[in-house]
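The values are calculated or read from the model by the stated rules, or taken from the named source; none is laboratory data. Since we're looking at a predicted model, the values are computed, not measured. FYI the Cβ positions are ideal-geometry reconstructions off the backbone, even for glycines, and counts take in every protein chain you see.
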Amino acid sequence: MQYYRSDIDGLRALAVFGVILFHAGTPFITGGFLGVDVFLVISGFLITRILIDNAENNKFSFLDFYSRRFRRIYPALLTMITIVSVINLFIMIPYDLKNYGQSIVASILSANNILLYLTSGYWSTAAEFKPLYHTWTLAVEEQYYIVIPFLIYFIHKIKPKNTNSLLFYTLSLLFIASFSFCYIYQDNREFTFLMLFSRAWELLAGAIAAIIYKKTNINNNYLSTLGFILIVFSYFYVDKNSFHPGLVTLLPVIGTTLIVLFNRNTNNFLFKLLSIKPIVLMGLISYSLYLWHQPVFAGIRLLSQEQPQTLYFLMAILPIILISYFSWKFIEKPFRNTAVIAEKKSITILTIWSIVLIGYGATLHLTYGLHNYYGKFSYEGDPRSFVDDAYKYQYTQSKNILVLGDSFGRDLIRSLNQVNVKDIKYFPIGCDDPSVFTKPGELNDYLKEAKIVTIALLLADPDRDYKEQLTQLNNCFKVVNQINPNTYILGTKNFGYNNNFVRISNKEFSEIYVSPIQTYLEFDKLAKQDFGDRYISIFDKISNKESKVPVFYKDNFISYDTKHLTPAGAKFIAQEVLLDSPLKSHLK
């Protein structure tokens, strides 16, 4: 059977450029990430067709299938990881190199989705700074293809004459179960986004379409065009706040399914559109495009002191296309063609190559990002253990300083420790924490007994509406100040966009200053107006004449993630802010 359809390559181009333009921050393409879902449906469709045909023709071979997958996926992947790994030695600080080492191992073992899930959360590096973040999709696919070939094989052995019917119903049940996982675990968005359980239904949609495709021969220009419209519409309609994967994900999934099922006639307008040669070429190199766009974009961010403009990412697309073309032409094609590189030879090369990179990734992890070699760029202490130590003050009976806060409150406690203040009580809250407003007896008593109350919260983070946060802070302050009139607010803080840029800076550490992210400054300005002398502005205390803040204190990073303090940062805030604030008289 002839498997190649030029329109499907055009569809791949539509998918990959949706992803690239979204990651570039292109205005209005708020749902471009759904291009990944288009890829998953296409993959399920094409691979299932091949597996079913091989089973029916008694040509089914697990060894052949996995050999082809290995030679299809790994040459370009390993090439990208190798080149990016060399570059990262010069642009990453040890903390991020360590995490990168973990992602090398996970990516090669098709487990990066699991790694990302296990390490996601408050302290994880933002996705846009991770060069290999995008390989979670490859992990989902490969995990899926560990199971599906065996399922098809055994169903064919059980019911060789009714394989398609039994397979259709089996895959349909799995589709329903997988889609249900999106809502069963809807409170765990990281899980549903990254894991196979809640992503398999998209691959299964393609697999079910493959079964229908074999049994029908329907061309419908209207339905295929509708599919195209659904995909394009989803790129503009859906955004990162949409519940995904979920109902909105049906837009690209149904759209892709309609195209692969009904866009069969080469005279269809959509077939001709998707088969335009430059578009088909982009589809042919789409795998390499997908592989390379993320590390290039991450590199731009890692080298930037401030949030890069969208224009920089758009300008990078042409070089990405050129790199991807060479990757496809000189890496992908030769390894897939056994006439160029013999199958046994390519498997041997790829296996040894994988083992070497896994060893390198493990080395980065075990040496904490080559800490001994890049020691001057290392963090002092570990962010989790450092702030978690503050929780011991949750159980004291202090009557001196009561700290109300989140992770910024724990930062404050460590700064207080730097000036030998131990008489502290910590009560964890958030601005919108109901416990503040319902005034439970425990907190009420603490507020009455404390000599001074300090509220310290992570405020003005760009991912949230800082004006809404300011309103919440006002409400919180009114309640607390009514009970204890000696209440102060320690201002928000930010130490720039990214720490890694210091690797390419030619300045002395003491001379490196950066501009805080604008939302923090805007919040700080409004908070000073609202709270007057009850608001202690960190920016006012530490900024230079150009309104920039330092990155280092005595040759050590002030912040782990540009927000939370290292031990050196805690000393810095204690010396520069607390000892020059209304809190000073209580620091005894």
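Restricting region 253-296 to residues that are modelled with pLDDT of 95 or more and charged (D, E, K, R) leaves a set whose member that is farthest from F45 (Cα to Cα) is K277.
Just the residues that are part of a strand (DSSP E or B) and either touching a Pro at 6+ places or on another chain (Cβ under 6 Å) or of a type outside the set (S, T, N, Q) (or both), please, taken from region 445-461. Correct list: I452, V453, I455, A456. Scanning region 496-526 for residues that are over 31 Å from the mean Cα position of the chain (by Cα) and crowded, with 19+ Cβ neighbours inside 10 Å yields no hits at all.
Residue by residue, here is whether (1) closer than 30 Å to L89 by Cβ; (2) at pLDDT 95 or above holds:
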position: Y466; (1), (2): no, no
position: N481; (1), (2): no, no
position: K507; (1), (2): yes, no
position: I512; (1), (2): yes, yes
position: D533; (1), (2): no, no
position: I542; (1), (2): no, yes
position: N556; (1), (2): yes, no
position: Y560; (1), (2): yes, no
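Taken over region 51-60, residues that are farther than 14 Å from A210 by Cα, touching a helix residue (DSSP H, G or I) at 6+ places or on another chain (Cβ under 9 Å) and without any contact (Cβ under 8 Å) to a residue 60 or more places away in the chain amount to 1. Is it true that Y391 is among the aromatic types (F, W, Y), assigned to a loop (DSSP other than H, G, I, E, B) and exposed (fewer than 14 other Cβ atoms within 10 Å of the Cβ)? Spelling it out, it is not the case that Y391 is among the aromatic types (F, W, Y), assigned to a loop (DSSP other than H, G, I, E, B) and exposed (fewer than 14 other Cβ atoms within 10 Å of the Cβ). With respect to F90, is the statement that it is assigned to a loop (DSSP other than H, G, I, E, B) and in contact (Cβ under 8 Å) with a residue 24 or more places away in the chain true? Spelling it out, it is not the case that F90 is assigned to a loop (DSSP other than H, G, I, E, B) and in contact (Cβ under 8 Å) with a residue 24 or more places away in the chain. The listed residues are L458, L521, L490, and the only one of them that is closer than 23 Å to K240 by Cβ and among the aliphatic types (A, V, I, L, M) turns out to be L458. Residue check: T48 meets all listed conditions (1) of a type in the set (S, T, N, Q); (2) assigned to a helix (DSSP H, G or I); (3) touching a residue at least 60 places away in the same chain (Cβ under 8 Å); (4) surrounded by fewer than 22 Cβ atoms within 10 Å (Cβ to Cβ) but one, namely (4). Of the listed requirements (1) touching a helix residue (DSSP H, G or I) at 6+ places or on another chain (Cβ under 7 Å); (2) under 30 Å from V551 (Cα atoms); (3) in contact (Cβ under 8 Å) with a residue 12 or more places away in the chain, I358 misses just one: (2). In the set (1) modelled with pLDDT of 95 or more; (2) outside any helix (DSSP H, G or I); (3) more than 27 Å from S198 (Cα to Cα), the condition left unmet by I81 is number (2). On the stretch given as region 549-562, residues that are surrounded by fewer than 18 Cβ atoms within 10 Å (Cβ to Cβ) and either farther than 20 Å from G375 by Cα or without any contact (Cβ under 8 Å) to a residue 12 or more places away in the chain (or both) total 0. Figure legend. Inter-residue proximity from region 239-259: first residues touching a residue at least 12 places away in the same chain (Cβ under 8 Å), second residues of a type in the set (D, E), beta-carbon distance below 7 Å, spacing 6+ or different chains. Indicated pairs: T249/D37; P252/D37; V253/D37; V253/E202.
Where helices (runs of 4 or more DSSP H) fall entirely within region 491-588, those with at least 1 residues that are hydroxyl-bearing (S, T, Y) are at 518-531.
Candidates in region 125-152 are the residues that are under 9 Å from the mean Cα position of the chain (by Cα) and of a type in the set (G, A, S); of these, the one that is modelled with the highest pLDDT is A127.
Confirm whether L97 is within 28 Å of the chain's Cα centre (by Cα), among the aliphatic types (A, V, I, L, M), surrounded by fewer than 18 Cβ atoms within 10 Å (Cβ to Cβ) and assigned to a helix (DSSP H, G or I). Taking the combined requirement at face value, the residue does not satisfy it.
Yes/no matrix, rows are residues, columns are (1) at pLDDT 85 or above; (2) in contact with a strand residue (DSSP E or B) (Cβ under 8 Å, 6 or more places away or on another chain); (3) assigned to a loop (DSSP other than H, G, I, E, B); (4) more than 19 Å from S585 (Cβ to Cβ):
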residue	(1), (2), (3), (4)
L404	yes, yes, no, yes
F408	yes, yes, no, yes
D411	yes, yes, no, yes
L416	yes, yes, no, no
N420	yes, no, yes, no
C431	no, no, yes, yes
F437	no, no, no, yes
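Highlighted here are the helices (runs of 4 or more DSSP H) found entirely within region 131-238 that include at least 2 residues which are more than 30 Å from M80 (Cβ to Cβ): 136-158, 163-184, 200-215, 221-237.
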